[in-house]
Amino acid sequence: MRMLILGALVLTLASAFLLYGISYDTRLLEDRVQAQERAIDAARSDIAVLKAERAHLGRPERIEPLARGQGLQPATDQQLAASPTAALARVRGMSGGASAADQKSGE
Amino acid sequence: MGPPEAGAGARQQARANGPLRTLLAMLVVALAFAAVAGQLVRLALPGRSGPSSTLSETVGQSFARPDIVDRNGRLLATDVEVYSLFADPARVLDRDEVFEKLSPIFPNLSRDALRADLADRTRRFAWIKRGLAPKTAQTVHDLGIPGLDFRLELGRAYPGGTSAGHVLGNVNIDNKGVAGIERYLDEHVGVESVTGATLSEHAPVRLSLDIGVQHAVESELASAMDRYEARGAAALVLDVGTGEVLASASYPQVDPARPTMSLDPARIDKVASSTFELGSVFKTLTVAMVLDGGIADVDTMVDAREPLTAGRFTIRDLHPLGRPLSVAEVFIHSSNIGAAKLALQAGPRHMQTFLKRMQVLGAMKTEAGSIAAPQVPEPWGEIETMTVAYGHGLAVAPLQFAAAAAALVNGGNLVVPTFIKQPADAGLANVPLITAATSAQIRELMRRNVTEPGGTGKRADVPGYSVGGKTGTAEIPGRGGYRKKAVISSFLAAFPMERPKYLVLVLLFEPKPTGAANHEVLAGLNAAPTAGRIIARIGPLLGMMPTSASAGGSSGMAFDASSPAKYEAR
């Protein structure tokens, strides 16, 4: 009987310490989870702002002058030809100043 | 032997009570242990941290909205966290100090309103300013005024600025959509009601707009307004197959981030929210009507030599040729008399039925809201039939007209304009409005109007895109009649004309006879070249090779436009 009571006492004490330990660990983990969640929120918020900023920086209104500054422009029929010979013929025609239609198309 | 007998009895009883007492003691001890264990478990359970905030306040409810992206996934609208400044009146020490310090930062802060808000010390919460930029919030924070604090909320950001402002609409201070696509999100896509700043988990809403095309249209309209000193301008690009609107611009523009701007009547959306008498572009419908109804064919002659009297109006031609015209010439030389006579042959009833079938007379709705209802003449007699034939007397929203015109060139099938990207395999619900043969004739006439030397649309031609179109110069109705010098000049274009894929409608409001337009206010000299410039810019963006050879062969798709865009928002 005494052994039983003693055993129960030891068991109780052990489980009390164990529970205390677990509860302490849980609180630590909770803190870490909260910190992680805060970090996630901050990251999501940063992503939202960065996404908006990237879209703002990449808006065509801003890109267009930069592209034009590089000498770029929309593709025209002048950059395409049915065959290499046709392209060569056009170049020769233009250097001769005979292709009025071609030059007018730039307008 | 009484007492010993009794003593033995008591002892016996005590011995009999012994196990009961032990049991009781053990029960008490077990209960005590159970209580201890219970307490330990209770403490170990999560979610029992500190007391929650007991601040009684009107909780600022706001809405987490999905992003809006264009057809290629480029961002048009998104939620970002913003700071909102509030005061706890009980903790504010000096109301006047609060105002003195804040007024340089917020110039339009009202002193009386602020004093009234802060006067009631039983309140623990009063908004001062919502939706602050991080920098402004930092400045206020640095002032160190007691009783002021910030709360994070969601605010709507439009990275494209004013681009597509009319289509996007706007939201109110609680981030709830009140107009345009933003309202559509609230009503059909779903927004989440949140407290604080929780971003939406919803997938972005993909519009049919293309930011690149939208920008090209807007910049060409802006330069056209400069060039022709116009008071306003509007344009739209429509996919004639699916009804998707690729670009819709109206000048002067609105900024979706400034909702008050859209209240200005001058800034109303000219594409969908207002109706106009569109003028001669309407002859496209008139000619389609007579061709489709078998009333005349392209070569039928119409006598358009004498001006036509219709009630108190006299219908004249701008450039009379002084000879009978064929139906094709009526279209190409834009003869008012010819169009009126053709409509008269068809009759008022036939015309109304036809226009109703083309969806020009009824109400129409898109995701961005209702299109302004057409103003139909009442009663509709012969005079009205004649004027409507060349686009006067019937006011219709440009978007609604564009949808009807798209049906004329796409083979005759119904087009329902939409601002939401349609799945690639959606196709059209084939609802034929006119025959494919009539559609082919209209396409040929529109192309001839651009290629022929006498055509009014020759300045809209873009080499390689085989543009076709129709001009319109409509006098704007004013007090007591039409104003001679104030016109809406318009150009209805489609390309490539062999198998039209896109329709472009350009409107210039009250352009001046500037040098760039040969000192005239004719659509052929201002709206047509503007449409040409727009097509030259958007053609390559839409993945079309500027060569008639490829357009004649297959769909004209030369660049790989079907592969997913490299630029995705998420």
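Please work out if B:Met301 is surrounded by fewer than 20 Cβ atoms within 10 Å (Cβ to Cβ) and farther than 30 Å from B:Gly169 by Cα. Steps first, answer last, please.
Details: surrounded by fewer than 20 Cβ atoms within 10 Å (Cβ to Cβ): yes; farther than 30 Å from B:Gly169 by Cα: yes.
In short, yes.
Kindly check whether there is at least one residue in the range B:493-503 that is of a type in the set (Asp, Glu) and either within 24 Å of the chain's Cα centre (by Cα) or not in a strand (DSSP E or B) (or both).
Yes, the range B:493-503 contains a residue that is of a type in the set (Asp, Glu) and either within 24 Å of the chain's Cα centre (by Cα) or not in a strand (DSSP E or B) (or both).
Cβ contacts < 6 Å: first residue in contact (Cβ under 8 Å) with a residue 12 or more places away in the chain, restricted to the range B:369-393; second residue among the basic types (Lys, Arg), any location; separation 6+ or different chain. Result?
B:Tyr390/B:Lys283
In the set A:Arg68, A:Arg32, A:Arg27, A:Arg38, which member is surrounded by 14 or more Cβ atoms within 10 Å (Cβ to Cβ) and assigned to a helix (DSSP H, G or I)? Spell out how you get there, then give the answer.
Values: A:Arg68 fails: surrounded by 14 or more Cβ atoms within 10 Å (Cβ to Cβ); A:Arg32 fails: surrounded by 14 or more Cβ atoms within 10 Å (Cβ to Cβ); A:Arg38 fails: surrounded by 14 or more Cβ atoms within 10 Å (Cβ to Cβ).
None of the others qualify; the one that does is A:Arg27.
Look at A:Arg68 and say whether it is at the interface with another protein chain (Cβ under 9 Å from one of its Cβ atoms), of a type in the set (Lys, Arg) and under 30 Å from B:Met545 (Cα atoms).
Values: at the interface with another protein chain (Cβ under 9 Å from one of its Cβ atoms): no; of a type in the set (Lys, Arg): yes; under 30 Å from B:Met545 (Cα atoms): yes.
So A:Arg68 fails the test.
Could you check the range B:288-331 and list, in sequence order, the residues that are part of a helix (DSSP H, G or I) and within 25 Å of B:Gly381 (Cβ to Cβ)?
First, the residues of the range B:288-331 that are part of a helix (DSSP H, G or I): B:288-292, B:327-331.
Those that are part of a helix (DSSP H, G or I) and within 25 Å of B:Gly381 (Cβ to Cβ): B:Ala288, B:Met289, B:Val290, B:Leu291, B:Asp292, B:Val327, B:Val330, B:Phe331.
Quickly run through the range A:1-46 and pick out the residues that are at the interface with another protein chain (Cβ under 9 Å from one of its Cβ atoms) and under 24 Å from the mean Cα position of the chain (by Cα).
Scanning the range A:1-46 gives A:Asp41, A:Arg44, A:Ser45.
Just to check your reading of the model, which residue among B:Val69, B:Val98 is in contact (Cβ under 8 Å) with a residue 12 or more places away in the chain, more than 14 Å from chain A (Cβ to nearest Cβ), surrounded by 20 or more Cβ atoms within 10 Å (Cβ to Cβ) and not aromatic (Phe, Trp, Tyr)? Please lay out each step first, then the result.
Details: B:Val69 fails: more than 14 Å from chain A (Cβ to nearest Cβ).
The conditions single out B:Val98.
Residue by residue through the range B:522-567, note down the ones that are at pLDDT 85 or above and either over 25 Å from B:Ser490 (Cβ atoms) or in contact with a Pro (Cβ under 7 Å, 6 or more places away or on another chain) (or both).
B:Asn526, B:Ala536, B:Arg537, B:Gly539, B:Pro540, B:Gly543
Tell me, which strands (runs of 3 or more DSSP E) wholly within the range B:159-264 include 2 or more residues that are in contact with an Asp or Glu (Cβ under 7 Å, 6 or more places away or on another chain)? Let's see the steps before the verdict.
Working: elements: B:177-179, B:192-195, B:232-239, B:245-251.
Of the strands (runs of 3 or more DSSP E) lying wholly inside the range B:159-264, those with at least 2 residues that are in contact with an Asp or Glu (Cβ under 7 Å, 6 or more places away or on another chain) span B:245-251.
Only one residue in B:Ala37, B:Ala77 is surrounded by 14 or more Cβ atoms within 10 Å (Cβ to Cβ), touching a Leu at 6+ places or on another chain (Cβ under 9 Å), modelled with pLDDT of 85 or more and not in a strand (DSSP E or B). Which one? Explain how you work it out, then say what you get.
Numbers: B:Ala77 fails: not in a strand (DSSP E or B).
Step by step, each of B:Ala37, B:Ala77 is checked, and only B:Ala37 is surrounded by 14 or more Cβ atoms within 10 Å (Cβ to Cβ), touching a Leu at 6+ places or on another chain (Cβ under 9 Å), modelled with pLDDT of 85 or more and not in a strand (DSSP E or B).
Please pick out the residue among B:Phe401, B:Phe354 that is over 23 Å from B:Thr300 (Cβ atoms) and either not in a helix (DSSP H, G or I) or not acidic (Asp, Glu) (or both). Can you show your working first?
Values: B:Phe354 fails: over 23 Å from B:Thr300 (Cβ atoms).
Going through B:Phe401, B:Phe354 in turn, just one is over 23 Å from B:Thr300 (Cβ atoms) and either not in a helix (DSSP H, G or I) or not acidic (Asp, Glu) (or both): B:Phe401.
Would the range B:332-345 turn up any residue that is part of a helix (DSSP H, G or I), out of contact with any Phe, Trp or Tyr (no Cβ under 8 Å at 6 or more places or on another chain) and over 14 Å from B:Met386 (Cα atoms)? Lay out the reasoning, then the answer.
Taking the range B:332-345 first, the residues part of a helix (DSSP H, G or I) are B:332, B:336-345.
Of the ones still in play, those that are also out of contact with any Phe, Trp or Tyr (no Cβ under 8 Å at 6 or more places or on another chain) are B:332, B:337-338, B:341-345.
Still in the running and over 14 Å from B:Met386 (Cα atoms): B:332.
Yes, the range B:332-345 contains a residue that is part of a helix (DSSP H, G or I), out of contact with any Phe, Trp or Tyr (no Cβ under 8 Å at 6 or more places or on another chain) and over 14 Å from B:Met386 (Cα atoms).
Condition check ((1) under 13 Å from the mean Cα position of the chain (by Cα); (2) farther than 19 Å from B:Ser370 by Cβ; (3) away from every other protein chain (no Cβ under 14 Å)) across all residues:
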| residue | (1), (2), (3) |
| --- | --- |
| B:Thr162 | yes, yes, no |
| B:Glu182 | yes, no, yes |
| B:Leu185 | yes, no, yes |
| B:Ser193 | no, yes, yes |
| B:His202 | no, yes, no |
| B:Leu221 | no, yes, no |
| B:Ala230 | no, yes, yes |
| B:Tyr251 | no, yes, yes |
| B:Arg258 | no, yes, yes |
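The values are calculated or read from the model by the stated rules, or taken from the named source; none is laboratory data. This one's a predicted model, so the numbers in the text were calculated from it and none came from an experiment. Quick reminder, even Gly has a Cβ in these numbers, built from the backbone with ideal geometry, and neighbours come from all protein chains shown.
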